[in-house]
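What follows is a set of notes on a single structure, which appears directly below.
The values are calculated or read from the model by the stated rules, or taken from the named source; none is laboratory data. What you see is a predicted model, and the numbers here were worked out from it, not measured in a lab. FYI the Cβ positions are ideal-geometry reconstructions off the backbone, even for glycines, and counts take in every protein chain you see. Quick note on the areas: whole protein, heavy atoms, side chains included, nothing else; ligands and nucleic acids left out. Shrake-Rupley method; radii C 1.70, N 1.55, O 1.52, S 1.80 Å.
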Amino acid sequence: IENAVTMTKEGFSIANIKKFLNNEIDEAVEHPDVILNIICKYYGVHPLKVKGRDRERKFVIARKMFAYFACIKNGMIQEDVALILRKQRTVLVHYIKSIHDYLSINDEETIRDVENINKLLIKKSIK
């Protein structure tokens, strides 16, 4: 949380977010399926449901987090992530902006989830 608070003071630019995430990650998880599976396991949902049209909150949050981590942390092209989620790129832009907005207002649940998922991704990349 301290890192997120520091980042809030500096601003939530893409560069600062990458800097924040790179401080804790030695190497990127390269395959998007790994990211999706870790996030789905964290939220207790099936990847096919996340890729589907279900608008239940837990599936939408998992989609948003996947978009955020795939594009921001892993540097994937938005169009590629949109194809994985079976969404239009503009929807993906909204997902990422939504996570940025929650982080910018210090939403405790979002900060906790981002930090916990980040830790899971770090563990996966170390193995």
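Before moving on, here are some points about what is shown:
- Count of residues meeting criterion [outside any helix (DSSP H, G or I) and either in contact (Cβ under 8 Å) with a residue 12 or more places away in the chain or open to solvent by 70 Å² or more (accessible area, probe 1.4 Å) (or both)] in segment 76-123: 7
Here's the yes/no breakdown for (1) open to solvent by 20 Å² or more (accessible area, probe 1.4 Å); (2) modelled with pLDDT under 95; (3) not in a helix (DSSP H, G or I):
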site	(1), (2), (3)
Thr6	yes, yes, no
Leu21	no, yes, no
Lys49	yes, no, no
Arg53	yes, yes, yes
Phe59	no, no, no
Ala62	no, no, no
Met65	no, no, no
Ile72	no, yes, no
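- Residue count, segment 34-44 (criterion: open to solvent by less than 20 Å² (accessible area, probe 1.4 Å) and either closer than 14 Å to Tyr95 by Cα or free of Cβ contacts under 8 Å to residues at least 40 places away in the same chain (or both)): 1
- Residues of segment 97-127 satisfying the condition of being within 15 Å of Ala62 (Cα to Cα) and of a type in the set (Ser, Thr, Tyr): Ser98, Tyr102, Thr110
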